[in-house]
Structure formats: C-alpha cells, structure tokens
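Each remark here refers to the structure printed beneath this line.
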Amino acid sequence: MRALSAPDVLRAWEQGARRHALDRALLLLSAALPEEPFEELAALPLGSRDLRLLELRAATFGPDLPFFASCPRCGQAVDFTLSAAQLAVGEPAAQGSHELRSGGAVIRFRLPDSRDLAALDGRPSEEAEELLLQRCVLEAWLDGAAVSAAALPAGLRQELAKAMAEADPQAEISIDLGCPACEHRWPMLFDVLTVVWSDVTRQANRLLQEVDALARVYGWREDDVLAMSAHRRALYLEMATA
Ligand SMILES: [Zn+2]
C-alpha cells in the first residue's frame, strides 16, 4: 500500500466531501491502489476493504491511531492510542463463496461488500436485512430441496448472520474500553473510515493553508507547492512567516 501524496489527499477530499461514506472509502482506496479496477475494490468483502483502509491510514498518516471517548456512566474522558497492527484482525477466512451447514440445511453465501451496503442504504432495517439475504445467499437447500433466500426460517437467518460475521472478522471491530475513574467497561465500535476521513479532512485543510501562505509570499502555483516534500514545505513556511 503506497501512501497518499499531498495532491492525492486534496483530490480525494474534494471529490468525497459531498459524497456518501461508502464512496469516500472507495475513492481513497482507488487513489492508493490505482492499478486495482474500481469494480474490484467495490466487490471486496467489507473486512478486506477495511483492512486496506487501515493500511492506507498507516502508510499516509502513521501507524498510531489516537482515540477519544467518554465514560457512558460517569463522563470521564478516556484517551488512548492503538497501533494499526493491533486493529488488524485479518482477511476473511476464504475467498469467494462460503458454506453454512446446519441440521438439514446447506447455504452457500458470499460476504457483504460495498455494493451491497450501497443497495441497502436508507432502507428500513427489516427490508435491508431481506435484501442483503437475497443478494448474499447464492444457493440454499432445506432437507435436500433447493429453496430461495426468502424461504429461510428465522433461526437459520440468525445462524447465517453469525457465520457471515465470523467469516469476515475485520468487518466489525469492537474495542473493549475501561474507565479509569469508575472502572465501568464498555465496547466501542471502531470505524476505520471515520478515522481516515477525519485525517484526510484535517490534512487537506492544512495543505490549503500552506499553499495559501506560500502563494501569498512567493507567488508559487498550487501544483508546485503540493509537489514539494512536507519537510521542504515546512522550511519555506518558516521562512515565509519569519
Ligand atoms: Zn466512568
């Protein structure tokens, strides 16, 4: 995974600013992995997508991720740092299709990806669940007879949801937090995209300020300022504002 350059960061930020989070994730990945077709990135299981976003985050902004939370019981602020390696659980157990066998049922399924989430977006939860089932169940048999996804009973649906989560553990990362003041413990979901997008936004704003400051003093073009290394830009900024 290559790091995003300064122009990459600004371009992704500008293109993604008014887009859905799903589009932002794919915009960032395609900037860092230009050789991968967009359709293939969209078809990555969510855990594979998130693992790549975590690698992108580490390559571009560094391996340590700061977190801030407040205790839901007493309000105490809790801040801590985790490394990208600590948050990387790994790729799905298998590529392509997976199988669930339970009692007389056999279900072949694939893992949800960005295209599925886009199709589900904005729908009420029951409808979304039904649609996800239809999209991700490839074939199903009950006691030897082929059935449609819609015909799967509730118990099997729950088993399937569990099997999907187990097959793609990176898709949902929960961090176990403890309050130093009252010792309350609670889980916090880690959304890598929220972290990366806030880094991108912060960096884009800083880059624009740097371009502005240098353009005012030296009259340089945006392209030329962004093409400099961060170190060189910082040295010029020091001189420009001295
Ligand atoms: Zn507390």
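Values in this text are rule-based calculations from the coordinates and carry no lab data. What you see is a predicted model; the values in this text were computed from it and never measured. Cβ coordinates were reconstructed from backbone atoms using ideal geometry, including for glycine residues, and neighbour counts include every protein chain displayed.
Full extension of the chain between Arg123 and Ala234 yields a length gain of 35.2 nm, computed as 0.36 nm times the residue separation minus the alpha carbon distance. Report summary: the helix-based calculation at 222 nm, which adds -39500 (n - 2.57) for every DSSP H run with n ≥ 4 and divides by the residues of the chain, gives -16000 deg cm²/dmol. Note on Trp220 and Arg2: the extension gain reaches 75.8 nm, defined as 0.36 nm multiplied by sequence separation minus the Cα-Cα distance. A viscosity of 1.306 mPa s and a temperature of 10 °C, combined with the Kirkwood radius over Cα pairs in Stokes-Einstein, give a translational diffusion coefficient for the chain of 76 µm²/s. Of the residues Ser70, Ser148, Ser174, the one that moves most in a GNM of the chain with alpha-carbon contacts below 10 Å is Ser70. Couplings 3J(HN,Hα) of the stretch 93-110, computed from phi: 4, 9, 7, x, 8, 10, 10, 10, 10, 8, x, x, 9, 10, 10, 9, 9, 10 Hz, in residue order, whole Hz [Karplus 6.51 cos²θ - 1.76 cosθ + 1.60, θ = phi - 60°; x for Gly and Pro].
Modelled spin-label separation between Asp23 and Val89, with each label point placed 7 Å from Cα along the Cα-to-Cβ direction: 2.9 nm. With R₀ fixed at 35 Å, the C-beta to C-beta distance from His184 to Glu99 puts the FRET efficiency at about 0.30.
Principal axis analysis of the Cα atoms in the stretch 130-221 yields extents of 77, 45, 18 Å, listed in decreasing size.
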